[in-house]
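Each remark here refers to the structure printed beneath this line.
What follows is calculated from the coordinates using simple rules that are stated; it is not laboratory data. Everything numeric here is computed off the predicted structure, so don't read it as measured data. Reconstructed Cβ throughout: ideal geometry from the backbone, glycine too, with neighbour counts over all protein chains shown.
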Amino acid sequence: MSIAPTPLNTLAADSQTLDKLRYQARQAPEQALKKVAQQFETLFLDMMLKSMREATPQDGMMDSEQTKMFTGMLDQQLAQEMSRRGIGLADMMVRQLGPQAPPAAPPGAAVSSYATDKQTFVDKLLPQAEQASRRTGIPAELMLGQAALESGWGKHEIRMADGSNSYNLFGIKADKNWQGKVAAVTTTEYHDGVAGKQVERFRAYGSYAEAFEDYARLLGEQPRYATVLEQREAAGFARSMQQAGYATDPQYADKLERAIGSINTKA
């Protein structure tokens, strides 16, 4: 989907414009997301400058409708320039609304290394995923996609306090009934759609096989995942996971579907 650039002077600082930009950002593919985020940042800055102007007395001898018009034009130019330089809002929106991706390649790394890393992740965990698939009926590639999303393709796995691996690929938290080891880490949670950092306790395992086994048990024993067990394709699986409340991220279904789309179990 292509999104035509919107001139700043047509961006009305009202809730309708904000809602439209939010909708575009959620629906836009990766190549258009940055453009939408920059438009939102420009609008935000323009609104901020206008609010500052309104809070300043404007009844002096030099104030008139003409000077107000030129001041408004100046504010628009300032907003555009500040947005071009960036204040971090657009970058934050891209990170939150876009797919989770591996970190940037180090200097000199081959472009194909990302594909190789992803395939290494899939090949390493495919036997465990197939075992869980036989137990749950969920195709292995769907579970591998969720493991990839939750762990950043194995690059951001949950670690114990001593730095050792918890093998928790699925971000399963340790509730009061969990009797095993626990890893406490700071994570991002969403409350009413707003992201925030907080410390959470996660289950820790002795191996990836144990992680997949516990994941399969969770889906099979919790009634809220009954619909998830019926899914055999990416979109339905991702949507059912979000509806079941597996994660608080409002964009979780979209991110999960994209991660599953990167899984190749036929290599």
**Report entry** Cα gyration tensor shape for the range 113-261, rounded if a/c is under 1.5, else prolate or oblate
**Finding:** rounded
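Among K266, K50, which comes first, then next, by fewest other beta-carbon atoms within 10 Å?
Working: K266 6, K50 16.
Result, fewest neighbours first: K266, K50.
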Query raised in the report: Counting only residues 5 or more places away or on other chains, whose amide H sits under 5 Å from the amide H of R201 once H atoms are built in the peptide plane?
Result: A174
Query raised in the report: For all pairs of alpha-carbon atoms in the range 114-186, what percent lies in each bin of width 10 Å, listed from the first bin to the last filled one?
Result: 18, 45, 33, 4
Query raised in the report: If you take the C-alpha gyration tensor of the range 223-266, multiply each eigenvalue by 5 and take the square root, what semi-axes do you get, largest first, in whole Å?
Result: 18, 14, 7
Query raised in the report: So if we plug the beta-carbon distance of T227 and R134 into 1/(1 + (r/R0)^6) with R0 = 22 Å, what FRET efficiency do we get, rounded to 0.05?
Result: 0.65
